[in-house]
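Before any comments, here is the structure.
FYI, it's all coordinate maths here, none of it is from the lab. Predicted, not measured: the structure shown is a model, and the values here were computed from it. Cβ atoms come from the backbone with ideal geometry, glycine included; neighbour counts cover every protein chain shown.
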Amino acid sequence: MPDKNWTRRSWLASLAAAAAAAGRQPAPPSDRVRIGLIGCGGISVADSNAFLAHRECEIAAICDVDDAMIGRTLKRLEELGRKRPDAVKDFRRVLERNDIDVILNCTPDHWHALPTVLAFEAGKGVYVEKPLATTVWEGQVMRDAARRHGRVAQMGTQWRSGTHWAEAVEMVRSGRLGKVRQVRCFAYLDWVTDCGNPPDEPAPAGVDYEMWLGPAPKRPFNRNRFHFHFRWFWDYAGGLMTDWGVHLINIALWAMGPEWPRSVVASGGKYVLQDNTETPDTQMAVYEFPSYTLIWEHAVQCGLGPDRREHGVVFTGTEATLIVDNNGWEVIAEPKKRERVVEMRRRAPAGDNARVAHARNFLDCVKSRQQPVENLDVGHHVSAVAALGNIALRSKSRIEWDAQAGRVAGNEAASALLRREYRAPWKLG
């Protein structure tokens, strides 16, 4: 989420303004990148505007199972002065087009894997929203497909391209904090509220609900399982553990390196919300890494976490502690070390737009064939670590993770949650 002093409305407006300005100065036809947008929900607004802020980008086709979402996207692109794209309701019609260069996958989490893998097979690069997948198995398949087909792919954790986030990571890596032995990631989010208990009902007109469900289990339509709130149901996503956890754990792993946890324990539940959602409104997961401990925690209907921050990452070292969030970072010396440790504070640069920069990194790599900063090796790592927190919670056990084999050792209940069965006729891998 953007800084509360930088409202979501003004943030989206800035992206739209950049997208409109880029459209007035299009790149030569030989340099253009033609995008197929799959999924026209809320995140697609920010992501597509971030791509359109770059003059070579053009959205050639859009896809959604909901006519209303298609209509909103067509209107938005028209208001930006953009050429009207083709619109379809089956993502496969986008993938089969030879004039599409890259896919922007903004679908719900349970639809991240299949379109991405099929896009690789069709010879296209993919920018796919986070988390990479709903299960560790899906992430492994996606990562392996990107490698096998030699495709360029980026996961949409835009903070990976943020200036002050990179500075904080470099500060941790520099050794100035001393030995970092604990990392704490937290999200205390007052915007997550009770969404009620609406009854099951027929799907709205213009919605292909069967296609929306896709590989997920057959369920009656319920508005809370649909747009936005889908992320609070296990069939489609992993709640805040994988929604915000991927953002913040990504910063932790970026700084601390590519290690995998040895074990995970977790606790939590629905203690506040009384609606029909399933994922925890309060949760903590503790990861034992070879050289440090990582703690994840989230709570809803409250907006103050450590040091009166809504969210952030805390790196605790023997010399000093570093705290970073959307607003910036600061280094706080241990009391006995203040004579030799310089305390520092850095505000996030004004106008720094990590999402636009993240899209730029992907576009540059599509052209150079280099690996983006959040390629699927990196994206799978962080998404799987977050997913293991949910697996420990749902299996009610301490899980021992065998990173080399990619499995949970000696725990059938936890092992069963590493993958999910796809509903016919959909198949992955």
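Which one, (i) 251; (ii) 129; (iii) 142, gives volume of the Cα convex hull per residue in Å³ as derived from the coordinates shown?
So the structure-derived entry is (iii).
Sorting check: for 400-410, 248-258, 351-361, 105-115, which peptide has the highest mean count of neighbouring beta carbons within 10 Å, and how do the rest follow? Each step should come with its number before you reach the end.
Numbers: 400-410: 14.5, 248-258: 21.4, 351-361: 19.0, 105-115: 25.4.
Averaged packing, sorted descending, gives the order 105-115, 248-258, 351-361, 400-410.
Run the dipole for the chain about the Cα centre, Lys and Arg Cβ at +1, Asp and Glu Cβ at -1, nothing else charged, and hand back the magnitude in debye, nearest 20. Mind dumping the intermediate values first?
Details: 57 positive and 52 negative charges, 147 e Å.
Taking the Cα centre of the chain as origin, the dipole is about 700 debye.
Order these peptides, 290-297, 337-344, by their mean beta-carbon neighbour count within 10 angstrom, highest first. Before the final figure, lay out the partial values.
Working: 290-297: 17.0, 337-344: 11.5.
Packing order, densest peptide first, comes out as 290-297, 337-344.
In a shell of Cβ-Cβ distance under 14 Å around Leu177, excluding Leu177 itself, what net charge do Lys and Arg (+1) and Asp and Glu (-1) give?
Numbers: positive: Arg173, Arg176, Lys179, Arg181, Arg184, Lys337, Arg338, Arg340; negative: Glu167, Glu170, Glu319, Glu330, Glu334, Glu343.
Summing Lys and Arg as +1 and Asp and Glu as -1 gives +2.
Please give the calculated 222 nm ellipticity per residue for the chain, where each DSSP H segment of at least 4 residues contributes -39500 (n - 2.57) and the sum is spread over every residue; nearest 500 deg cm²/dmol? Mind showing how you got there, number by number?
Details: 12 runs with 142 residues, N = 429.
For the chain, the value works out to -10000 deg cm²/dmol.
If you average the C-alpha positions of region 208-277 and of region 94-119 separately, how far apart do those two centres end up, in angstrom?
21
Evaluate the charge dipole of region 53-155 about its Cα centre and quote only its size in Debye, nearest 20, assuming +1 on the Cβ of each Lys and Arg and -1 on the Cβ of each Asp and Glu.
Values: 17 positive and 17 negative charges, 42 e Å.
That gives a dipole near 200 debye.
Testing the spin-label approximation: label points 7 Å from Cα along Cα→Cβ at Leu304 and His227. State their distance in nm.
My value for the distance between the label points is 3.5 nm.
Suppose R0 equals 22 Å. What FRET efficiency, 1/(1 + (r/R0)^6) with r the Cβ-Cβ distance, do Trp426 and Arg147 give to the nearest 0.05?
Working: r = 23 Å, r/R0 = 1.03.
Given R0 = 22 Å and the Cβ-Cβ separation, E is 0.45.
Take every DSSP beta bridge whose two residues both sit in the chain, then give the antiparallel share in percent to the nearest 5. Spell out each step's value before the answer.
On the way: 40 of 69 bridges.
Approximately 60 percent, going by the DSSP bridge assignments.
Under the definition of Cα pairs under 8 Å and six or more residues apart, what whole-number percent is the relative contact order of the chain? Show your work: numbers first, answer last.
Working: 881 pairs, mean separation 81.7, N = 429.
Across the chain, relative contact order equals 19 percent.
Given 10 Å bins starting at zero, what is the percent of C-alpha pairs of region 327-420 in each, up to the one with the largest pair distance?
In whole percents, the pair-distance histogram is 13, 23, 19, 30, 15, 0.
Run the simple label-point estimate for Glu167 and Ser263 please: 7 Å along Cα→C-beta, distance reported in nm.
Those two pseudo-labels are separated by 4.0 nm.
Could you compute the net charge surrounding Val356? Neighbours are other residues with a C-beta less than 15 Å from the C-beta of Val356; K and R count +1, D and E count -1. It would help to have the intermediate numbers written out before the result.
On the way: positive: Arg55, Arg160, Arg355, Arg360; negative: Asp47, Glu56, Asp352, Asp364, Glu374.
Net local charge, Val356 excluded: -1.
Rounded to the nearest 0.05, what FRET efficiency is calculated for Thr293 and Lys89 with R0 set to 35 Å and r the Cβ-Cβ distance?
Details: r = 47 Å, r/R0 = 1.34.
My answer for the efficiency is 0.15.
Show me the ranking of peptides 203-213, 383-393 by mean Cβ neighbours inside 10 Å, starting with the highest.
Numbers: 203-213: 15.5, 383-393: 27.0.
In descending order of packing, they fall as 383-393, 203-213.
For region 263-359, what is the Kirkwood hydrodynamic radius in Å, using each pair of distinct C-alpha atoms? Let's see the in-between values first.
Details: mean 1/r = 0.0611 Å⁻¹.
Hydrodynamic radius (Kirkwood, Cα only) of region 263-359 equals 16.4 Å.
In the structure displayed, which of Lys130/Lys270; Lys130/Lys427; Lys89/Lys270; Lys179/Lys337; Lys89/Lys124; Lys367/Lys427 lie more than 25 Å apart, Cα to Cα? Show your work: numbers first, answer last.
Numbers: Lys130/Lys270 23 Å; Lys130/Lys427 21 Å; Lys89/Lys270 35 Å; Lys179/Lys337 13 Å; Lys89/Lys124 19 Å; Lys367/Lys427 31 Å.
The pairs that break the limit, which is 25 Å between Cα atoms, are Lys89/Lys270; Lys367/Lys427.
Can you find, among Pro372, Ala205, His311, the residue sitting farthest towards the positive end of the charge dipole of the chain, where Lys and Arg contribute +1 and Asp and Glu -1 at Cβ?
Pro372
Considering only DSSP beta bridges where both residues belong to region 52-209, give the percentage that are antiparallel (nearest 5).
Values: 1 of 12 bridges.
So the antiparallel bridges in region 52-209 amount to around 10 percent.
Which percentage, to the nearest 5, of the DSSP beta bridges contained in region 183-332 is antiparallel? It would help to have the intermediate numbers written out before the result.
Working: 28 of 35 bridges.
DSSP beta bridges in region 183-332 are roughly 80 percent antiparallel.
If you take every residue apart from Ser161 with its C-beta less than 15 Å away from the C-beta of Ser161, what net charge results, scoring Lys and Arg +1 and Asp and Glu -1?
On the way: positive: Lys130, Arg160, Arg355, Arg360; negative: Asp47, Glu129, Glu167, Glu170, Asp352, Asp364, Glu374.
The answer is -3.
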